[in-house]
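Bear in mind that the values in this text are calculations on the coordinates, not laboratory data. Since the structure is predicted, the reported quantities are computational estimates derived from the model, not experimental observations. With ideal geometry, Cβ positions are generated from the backbone for all residues, glycine too; neighbour counts draw on all protein chains shown.
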Amino acid sequence: MRVVAYVNGHYVDLDKAVVPVEDRSCQFADGVYEVSRFIGRRPVRLGEHLQRLEESCALLGIKGAPAAEDWRRIIARLLDDSGIPHDNAFETILYQQVSRGAAPRSHLFPPASTPPSCVAYFRIKPAYTAKQRSGGVALISQPDERWNRCNIKSVCLLPSVLAKQAAHDAGGFEALLVRDGIVTEGSSTNAFCVRGGKILTHPDGPRILSGVTRGLAFDAAALAGIEVVLQPVTFQEYIAADEAFLTSTTMNVMPVTSVDGKPIATGAVGPVTSRLAAAVDDLMWRELRANREFTCAGEP
Ligand code: PDD
């Protein structure tokens, strides 16, 4: 695959793709982003990702980014130029970023005439191992030191980066973020637990990013007859749960079998998690098969 990037109207090889030093994403983390998944040329819930990108821009007052239809045209060109095949075994992620543009450094917003800086490109999707899928992953708890507007998918990711690295250094797969004794989410995932057959997760709001996969999981749970309860869960409740799992664009449902080195329940992947994981994959595939937006007639 050739990695081609869209940068402000131009399509160039990624190693030639640059933004100015005074781009506000570099100096102020003044920008937003999206990560969405493609299987062959079929996107997973692209509409939701494009909508969240628009909402993130609106919440920060970043104006002039491409509308969803324009992004779809850009994405169609990137799929072609990157040589992404009609092959369901070929999985990529699309990264999109919009910043408030480039302007002489000043904390104040630049003049309204400053265009936003828009970037997009595909990369091969990270793969997870069969062992992680069947045996679950380990979480390491970390204080949630992020700001109070986590519902915005902002590139201001340093607290998440530090938490993920600390979890990794302690032998964990992901950081479980805890604020005021409450589990909020993972550093780049949404966090769930299961108690008495019901799925519990943090309510929407400024403390979490409302993941697109979290929405997919809610829809799949409804179809599978699994109840979802949106309520804050304390760290103590989380580690005493029957089951736990994460969701994100790159992994769909990932079982969690330990936190801070202690097993969740028996330390095995739980039945509700397994049922939900299968229901999420089923629903995703049903939606994908019905989506011919970037594919041609007769293709798989
Ligand atoms: N992260 N919570 C946070 C803080 C995230 O950064 C993400 C996604 C999620 C899951 O959202 P979704 O289901 O829409 O992927 C939850 C992306 C994948 C990233 O930063 O790479």
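Can you tell me how the stretch 187-271 classifies by the Cα gyration tensor, rounded, prolate or oblate, using a/c under 1.5 as the rounded cut? Rounded is the answer for the stretch 187-271, as its axis ratio a/c remains below 1.5. Once the Cα-Cα distance is subtracted from the 0.36 nm per residue extended length, the Lys131 to Asn88 segment shows a gain of 13.3 nm. Using a Förster radius of 41 Å, what is the FRET efficiency between Gln236 and Leu157 based on their Cβ-Cβ separation? Nearest 0.05, please. About 0.90, to the nearest 0.05. Between amide H atoms placed 1.01 Å from N, distances below 5 Å from Val256 occur with Val137, Ala244, Phe245, Leu246, all of them 5 or more places distant or on a separate chain.
Cα gyration tensor of the stretch 4-124, axes a ≥ b ≥ c as square roots of the eigenvalues: rounded (a/c below 1.5), prolate (a/b > b/c) or oblate?
Working: a/c = 2.45, a/b = 1.72, b/c = 1.42.
Since a/c reaches 1.5 and a/b is larger than b/c, the shape of the stretch 4-124 is classed as prolate.
Amide H contacts of Thr249 (H built 1.01 Å from N, in plane; Pro and chain starts excluded): Thr213 sit under 5 Å, all sequence-distant by 5 or more or on other chains.
Compute the Cα gyration tensor for the stretch 1-71, then decide on rounded, prolate or oblate, letting a ≥ b ≥ c be the square roots of its eigenvalues: rounded whenever a/c is under 1.5, prolate when a/b is larger than b/c in the other cases, and oblate in all that remain. It is oblate, given that a/c is not under 1.5 and a/b is not larger than b/c.
Taking the Cα centre of the chain as origin, work out the dipole magnitude from +1 charges on Lys and Arg Cβ and -1 charges on Asp and Glu Cβ, in debye rounded to 20. Write down the numbers at each step before the final one.
Numbers: 32 positive and 33 negative charges, 39 e Å.
With only Lys, Arg, Asp and Glu charged at Cβ, the dipole is about 180 debye.
Comparing Ser160, Ser134, Ser106 in a Gaussian network model of the chain where C-alpha atoms under 10 Å apart are linked, the largest mean-square fluctuation is found at Ser106. The C-alpha atoms of the chain define a longest principal axis, and helix 271-290 lies at about 30 degrees to it.
Its alpha carbons give the chain an Rg and a Dmax of 19.7, 59 Å. Take each peptide in 74-87, 37-50, 120-133, 7-20, count the other Cβ atoms within 10 Å of every residue, and average; sorted highest first, the result is 37-50, 74-87, 120-133, 7-20.
Show that you can apply the helix-only estimate: for the chain, add -39,500 (n - 2.57) for every DSSP H stretch of four or more residues, divide by all residues, and state [θ] at 222 nm to the nearest 500.
Working: 8 runs with 90 residues, N = 300.
The per-residue figure over the chain is -9000 deg cm²/dmol.
Relative to the dominant Cα principal axis of the chain, helix 46-60 is inclined by about 70°. About its Cα centre, the dipole of the stretch 130-286 is roughly 200 debye, where the only charges are +1 on Lys and Arg Cβ and -1 on Asp and Glu Cβ. For the chain, build the charge dipole from Cβ charges (+1 Lys, Arg; -1 Asp, Glu) around the Cα centre, then report which of Val259, Phe122, Phe173 sits farthest towards its positive end. Result: Phe122, furthest along the dipole toward the positive end.
Find the Rg to Rh ratio for the stretch 130-286, where Rh is the Kirkwood radius over alpha-carbon pairs and Rg uses the same atoms. Spell out each step's value before the answer.
Numbers: Rg = 14.2 Å, Rh = 15.3 Å.
Ratio of gyration radius to Kirkwood radius: 0.93.
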